[in-house]
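Here's the structure, in structure tokens; my notes come after.
The values are calculated or read from the model by the stated rules, or taken from the named source; none is laboratory data. A quick note: this is a predicted structure, and the numbers were derived from the prediction, not measured. Don't worry about glycine lacking a Cβ; one is built from the backbone with ideal geometry, like all the others, and counts go over all protein chains shown.
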């Protein structure tokens with residue numbers, strides 16, 4: 001028992017250290033960080049008052065700390081929510097779900113915004129087969145995916161709008177990429193432009209998923225495994241992308257995560 005009693009101060013110090021560590025992770029990089037430092041300073045003064053037996057100062061610090069905690073939660077509610085969203089206690093799989101969801105929504109937004117404006121576009125979502133052979137002769141970007149970047153690349157006033165944009169994961173690898181055209185297939189029709197022929201040709205040679213926005217009609221098409229599906233609505237588009245690029249075990253966790261949220 002004496003040994004366990006001696007361990008109590010050590011355990012208390014460890015618990016306090018863990019709490020402070022998580023507290024700093026919560027608020028690091030937000031406006032509330034200055035308040036956190038002030039709160040820790042008040043806590044330090046409170047501990048000193050307790051150790052040295054200053055009853056008036058101890059009572060004063062207790063009241064100040066209680067009010068300060070309440071004020072932090074009221075004034076800095078947006079920053080606290082942002083900081084809590086960065087907590088990694090839910091593990092790697094849940095972070096992957098969040099990142100994939102964010103990427104998918106940005107992709108849908110950019111593709112269907114281009115479709116609404118009838119701006120032609122050709123995007124390659126790389127799967128297992130690498131598109132490095134085609135991207136190596138294109139303009140390298142190696143930039144983080146964003147709706148603004150994709151839409152600006154396909155504006156008709158830019159020199160890269162005619163080629164394909166290659167996306168690997170959530171990275172925009174290259175723009176202005178020339179893809180192989182499809183030849184002699186039942187999928188071909190006289191109404192198909194160069195973008196649709198390129199999407200079909202690339203899907204015949206790789207397992208990638210190729211997205212086409214028609215400049216003439218504004219319709220969205222997807223080519224995969226040598227099959228071109230045209231006139232896809234946004235909900236079906238989202239479902240196709242998710243089914244191809246979300247592993248089955250991650251899909252189950254995704255459903256549980258959506259339900260929990």
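From the residues in the range 132-156 that are part of a loop (DSSP other than H, G, I, E, B) and touching a helix residue (DSSP H, G or I) at 6+ places or on another chain (Cβ under 8 Å), which one is surrounded by the fewest Cβ atoms within 10 Å (Cβ to Cβ)? Explain how you work it out, then say what you get.
In the first step, residues of the range 132-156 are kept if they are part of a loop (DSSP other than H, G, I, E, B); the result is 136-138, 145-146, 154-156.
Remaining after also requiring touching a helix residue (DSSP H, G or I) at 6+ places or on another chain (Cβ under 8 Å): 145-146, 154.
Numbers: 145: 18, 146: 14, 154: 24.
Among residues in the range 132-156 that are part of a loop (DSSP other than H, G, I, E, B) and touching a helix residue (DSSP H, G or I) at 6+ places or on another chain (Cβ under 8 Å), the one surrounded by the fewest Cβ atoms within 10 Å (Cβ to Cβ) is 146.
Using the structure shown, decide if residue 243 is under 20 Å from residue 111 (Cβ atoms), surrounded by fewer than 13 Cβ atoms within 10 Å (Cβ to Cβ) and at pLDDT below 90. Steps first, please.
Values: under 20 Å from residue 111 (Cβ atoms): yes; surrounded by fewer than 13 Cβ atoms within 10 Å (Cβ to Cβ): yes; at pLDDT below 90: yes.
Considered against the rule, which asks whether it is under 20 Å from residue 111 (Cβ atoms), surrounded by fewer than 13 Cβ atoms within 10 Å (Cβ to Cβ) and at pLDDT below 90, residue 243 comes out as yes.
Can you name the number of the only condition in (1) part of a loop (DSSP other than H, G, I, E, B); (2) at pLDDT 95 or above that residue 210 fails?
All conditions pass for residue 210, except number (1).
Kindly indicate whether residue 104 is within 30 Å of residue 203 (Cα to Cα), at pLDDT 70 or above and not in a helix (DSSP H, G or I).
Values: within 30 Å of residue 203 (Cα to Cα): yes; at pLDDT 70 or above: yes; not in a helix (DSSP H, G or I): no.
No: the conditions fail for residue 104.
Can you tell me how many residues within the range 213-229 are under 11 Å from residue 121 (Cβ atoms) and under 28 Å from the mean Cα position of the chain (by Cα)? Let's see the steps before the verdict.
So the first thing to find is which residues in the range 213-229 are under 11 Å from residue 121 (Cβ atoms), and the list is 213-215, 218, 220-221.
Then keep just the ones that are under 28 Å from the mean Cα position of the chain (by Cα); that gives 213-214, 218, 220-221.
So the answer is 5.
Would you confirm whether or not the range 170-183 contains a residue that is within 25 Å of residue 225 (Cα to Cα) and touching a residue at least 60 places away in the same chain (Cβ under 8 Å)?
Pass one, the range 170-183, residues within 25 Å of residue 225 (Cα to Cα): 170-183.
This time we only want the ones that are touching a residue at least 60 places away in the same chain (Cβ under 8 Å), so: 170.
Yes, the range 170-183 has at least one match.
Determine whether the range 45-52 contains at least one residue that is within 19 Å of residue 71 (Cβ to Cβ), in contact with a helix residue (DSSP H, G or I) (Cβ under 9 Å, 6 or more places away or on another chain) and either at pLDDT 70 or above or surrounded by 15 or more Cβ atoms within 10 Å (Cβ to Cβ) (or both).
As a first pass, look at the range 45-52 and keep what is within 19 Å of residue 71 (Cβ to Cβ): 45-46.
When the remaining residues are screened for being in contact with a helix residue (DSSP H, G or I) (Cβ under 9 Å, 6 or more places away or on another chain), the result is 45-46.
This time we only want the ones that are either at pLDDT 70 or above or surrounded by 15 or more Cβ atoms within 10 Å (Cβ to Cβ) (or both), so: 45-46.
Taking every residue of the range 45-52 in turn, at least one turns out to be within 19 Å of residue 71 (Cβ to Cβ), in contact with a helix residue (DSSP H, G or I) (Cβ under 9 Å, 6 or more places away or on another chain) and either at pLDDT 70 or above or surrounded by 15 or more Cβ atoms within 10 Å (Cβ to Cβ) (or both).
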